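Asker: Submitted below is the structure of interest, expressed as structure tokens.
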Amino acid sequence: MRTPDLDPSFTAEARGSRFLVRGGWTVVAAAAITIAALLAACSPADVPSQSPVPSASAPATDGSAFPLTLTDDEDTSVTIPARPQRIVSLTPGTTEILFALGAGDRVLATDSASDYPAAAQALPDVAEFGTVDVEKIVGLEADLVIAGGSGYTPPEGVTKLRSLGIPVVVVYAPTVAAVSDDIELVAASVGLADEGTALADTVRGDLAALAAATEGLPKPRTFYEVDATNEIYGPAAASFLAEMVELAGGAPVTSGSGDSFEISLERLIAADPEVIVLGDAAFGTTADLVAERPGWAVMTAVREGAVRVADDKLITRPGPRLAQGLRSLILAIHPDALLP
């Protein structure tokens with residue numbers, strides 16, 4: 001199975017084996033990753049904030065807020081002695097956040113899935129899903145590491161780095177709302193709290209506006225295909241990806257399990273999706289190939305030609321481009337939707 005392109009939240013990311021609900025934003029890692037309950041509301045006014053509150057109250061942009069103590073997404077208290085100048089990012093989502101905040105010139109190294117923006121691609125890789133090169137990070141004299149939770153960055157690697165005196169902030173966004181919260185967390189950790197608030201507010205507003213545009217539309221039964229190379233994988237019932245489908249105006253067809261992304265062909269046929277979105281299109285999956293699969297031709301989506309492609313990387317990467325991902329998913333489910 002390919003690993004979904006969902007960063008630590010799914011939402012992980014991948015290249016030959018991709019999905020974590022990603023990476024980005026990214027869900028499954030080889031089999032499945034447990035993900036928090038589905039978010040019901042999408043309006044910024046209705047979404048509870050989970051952002052940790054730094055212990056320092058001075059402005060974070062001038063370095064006077066340091067030393068800074070904050071709580072990461074694993075409820076670990078992390079003290080950062082001084083404004084970080086040598087940052088290592090271990091997930092593609094946090095890499096995008098750092099560059100969007102204007103801290104890209106302080107990023108020394110990333111993980112192998114960090115491919116955006118272009119400047120990030122030139123940086124050395126010190127990790128990939130499930131592994132981290134502690135020796136390389138130490139050799140870079142990193143003064144802050146931002147790692148992925150739920151196993152994206154191995155816990156033993158995080159522990160080792162901390163034992164060597166390197167502050168490690170672990171980021172894990174199990175819901176759409178938590179992505180904006182993590183933008184603020186990352187921003188605070190690098191001394192750009194004001195910039196983080198502005199960026200997070202923009203992402204919240206864009207997501208809310210897009211979700212509002214689908215409120216009056218039909219809610220077709222929608223299956224988001226993560227992979228069907230051997231077994232079939234789609235959203236778990238309580239997953240970031242299922243939430244994205246709901247926000248995009250679809251009724252998600254899920255595995256029925258809160259933590260497993262594998263769905264049987266029998267269950268999928270019984271659910272009879274009206275739309276199938278190919279999150280694995282970048283790996284060569286097409287509507288024609290789907291129609292040729294044994295048993296799939298009976299599904300409404302296949303019979304009516306509603307097997308469509310969306311930008312999986314944007315949809316499953318928990319970062320500043322998540323609204324672009326939601327837009328892509330909306331247009332896959334509702335091609336004629338009028339969007340802001």
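Asker: Within the range 239-269, restricting attention to residues that are of a type in the set (D, E, K, R) and either under 14 Å from residue 306 (Cα atoms) or surrounded by fewer than 17 Cβ atoms within 10 Å (Cβ to Cβ) (or both), which residue is farthest from the chain's Cα centre (by Cα)?
Answerer: Top of the filtered list is 266.
Asker: Here's another thing I want to ask about it. Take the residues in the range 81-97 that are out of contact with any helix residue (DSSP H, G or I) (no Cβ under 6 Å at 6 or more places or on another chain) and among the hydrophobic types (A, V, I, L, M, F, W, C); name whichever of them is farthest from residue 118 (Cα to Cα).
Answerer: Applying the filter and picking the extreme gives 82.
Asker: Kindly evaluate residue 141 against the criterion of being surrounded by 16 or more Cβ atoms within 10 Å (Cβ to Cβ) and either modelled with pLDDT of 95 or more or assigned to a helix (DSSP H, G or I) (or both).
Answerer: For residue 141, the condition - surrounded by 16 or more Cβ atoms within 10 Å (Cβ to Cβ) and either modelled with pLDDT of 95 or more or assigned to a helix (DSSP H, G or I) (or both) - is not met.
Asker: Sort through 288, 227, 206, 272 and tell me the only one that's surrounded by fewer than 22 Cβ atoms within 10 Å (Cβ to Cβ), among the charged types (D, E, K, R) and within 30 Å of residue 320 (Cα to Cα).
Answerer: Exactly one residue qualifies, and that residue is 206.
Asker: Could you list, in sequence order, all residues of the range 145-174 that are assigned to a loop (DSSP other than H, G, I, E, B), β-branched (Val, Ile, Thr) and crowded, with 23+ Cβ neighbours inside 10 Å?
Answerer: Listed by number, the list holds a single entry, 153.
Asker: Given the structure, is residue 177 surrounded by fewer than 24 Cβ atoms within 10 Å (Cβ to Cβ), part of a helix (DSSP H, G or I) and in the same structural domain as residue 106 (by TED's automatic domain parsing)?
Answerer: Against the criterion (surrounded by fewer than 24 Cβ atoms within 10 Å (Cβ to Cβ), part of a helix (DSSP H, G or I) and in the same structural domain as residue 106 (by TED's automatic domain parsing)), residue 177 qualifies.
The values are calculated or read from the model by the stated rules, or taken from the named source; none is laboratory data. For clarity, every value in this text was computed on a predicted model and none was experimentally measured. Glycine also receives a Cβ, built like all others from the backbone with ideal geometry; neighbour counts cover every protein chain displayed.
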